[in-house]
Amino acid sequence: MISVLIVDDEKLVRDTLANYINWGELGADAVYLAENGVCALELAEKVQPSIVITDIKMPHMGGMEFAQLIREQFPGSRLVFLSGYTDKEYLKGAIHLHADGYIEKPLDLPEISSMVRQLVCLCLREEAQKNPELFFYHGDTKAALLNKEVFTLTKTDLSQIRALLGTSDETALLLALHSLCARIRRCEGTPPDYVRNVYSQLGLLLESAAEFHGAAKAQAAGGAFVYMTAQMECLKDLENELLRIAELLYEEIRERDFDPVSQVNGYIQAHFTESTVTVDGIARDLNFNTSYLCAVYKKKTGQTINAALTKARIERACELLKEPARKLYEVGACVGYTNGKYFTRVFTKETGISPREYRERHHEAK
């Protein structure tokens with residue numbers, strides 16, 4: 001409960017503050033009025049005010065003396081001085097008491113409202129932090145008691161997210177994540193550490209998917225998130241970061257705007273004569289995950305990358321075999337096969353005849 005105590009010997013000031021500021025809208029539950037420091041102290045013992053707005057110069061007990069006693073008895077109260085005086089001694093006193101605000105008369109209601117709104121937020125945050133679970137679920141906003149519903153992450157939940165991450169359907173994935181986050185949010189009886197662990201597992205899925213898709217930024221963000229979850233104080237922060245990484249993943253995929261098949265075919269045509277070419281090397285040079293690249297290429301072409309590489313080499317070898325001056329092992333070396341016997345074995349398997357027979361048949365046809 002947020003309560004405000006207004007202390008001023010001028011009735012007009014008290015009434016103006018009480019009646020012309022929308023305290024409920026600012027988050028205050030109750031407003032109490034006192035005409036001097038003595039009355040205010042008696043009232044403060046009963047209501048334990050969250051925020052105290054006090055005049056500095058008052059009869060019976062000055063504002064500074066009253067504020068000193070408030071600080072001693074209610075150290076958690078927020079203190080605001082209200083005065084028509086600009087005497088440096090008063091300002092020094094306010095600083096010494098670690099005042100949260102100082103407002104000069106005549107009253108500026110918008111200024112006071114703005115200050116009170118900020119102080120209410122600070123009070124609510126401190127209040128919520130006394131209950132870690134309340135703060136975890138609702139942050140520094142005003143909230144009722146938590147419900148007792150408990151969330152349990154299932155294998156089906158993880159399987160659904162994992163399957164969607166393997167597709168290019170960003171909308172479906174984000175909807176699934178939003179739905180899962182909403183279910184977690186509604187179950188306020190779930191221990192925060194369990195929820196953090198759930199988000200850590202989701203972060204691992206995003207990191208793995210980002211690696212698979214070759215999305216370096218999302219992969220790094222996902223990896224960092226996995227370790228950050230244990231320190232994140234609020235559920236909202238966990239939600240926001242998880243969804244940000246998911247969006248980053250698909251943003252990277254869109255930005256690349258690639259056609260993996262064309263890139264692989266282009267790479268093969270440029271490098272098939274090199275004996276050191278491997279599928280892992282192609283994926284690395286093109287900045288793809290090997291498994292992902294192989295899966296996409298096979299799905300779109302019906303053949304493996306190795307098969308495409310072999311085909312390019314054998315097609316070139318057939319052209320070179322038409323040149324009688326070239327020795328067979330030289331032809332093999334020209335298309336990436338440094339071992340002549342291995343070249344013959346691969347050529348025979350792909351064409352059904354040996355390189356020598358191919359050359360002889362070509363010459364006979366002529």
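Against the criterion of solvent-accessible heavy-atom surface with a 1.4 angstrom probe, 55, 285, 193, 15 sort, most first, into 193, 285, 15, 55.
Computed with every protein chain present, the accessible area of residue 1 is close to 130 Å² [probe 1.4 Å]. Rounded to the nearest 5, the antiparallel percentage of DSSP beta bridges internal to the chain is 0%. In summary, the aspartates and glutamates within cross-link reach of residue 105, defined as a Cα separation below 16 angstrom excluding same-chain residues under 8 places away, comprise 8, 9, 10, 15, 55, 87. Using the alpha-carbon centroid of each, what span in Å lies between region 276-333 and region 49-86? Each part's Cα centre sits 83 Å from the other's.
For residue 11, the accessible surface of its heavy atoms amounts to roughly 120 Å² (probe 1.4 Å, protein chains only, rounded to the nearest 10). Descending by average beta-carbon neighbour count within 10 Å, the peptides 65-72, 219-226 line up as 219-226, 65-72, the highest first.
Estimated purely from DSSP H runs of n ≥ 4, each contributing -39500 (n - 2.57), the mean residue ellipticity at 222 nm for the chain is -20000 deg cm²/dmol once divided by its residues. The solvent-accessible area of residue 275, taken with every protein chain present and a 1.4 Å probe, is close to 70 Å². Counting only residues at least eight positions apart within a chain, or on another chain, the aspartates and glutamates with an alpha carbon under 13 Å from that of residue 311 are 319, 350.
The values are calculated or read from the model by the stated rules, or taken from the named source; none is laboratory data. Quick caveat, the model's predicted, so the values are computed rather than measured. Here the Cβ is made from the backbone with ideal geometry for all residues, glycine too, and neighbour counts use every protein chain on show. Protein only, heavy atoms only, side chains kept; ligands, DNA and RNA dropped before computing areas. Shrake-Rupley method; radii C 1.70, N 1.55, O 1.52, S 1.80 Å.
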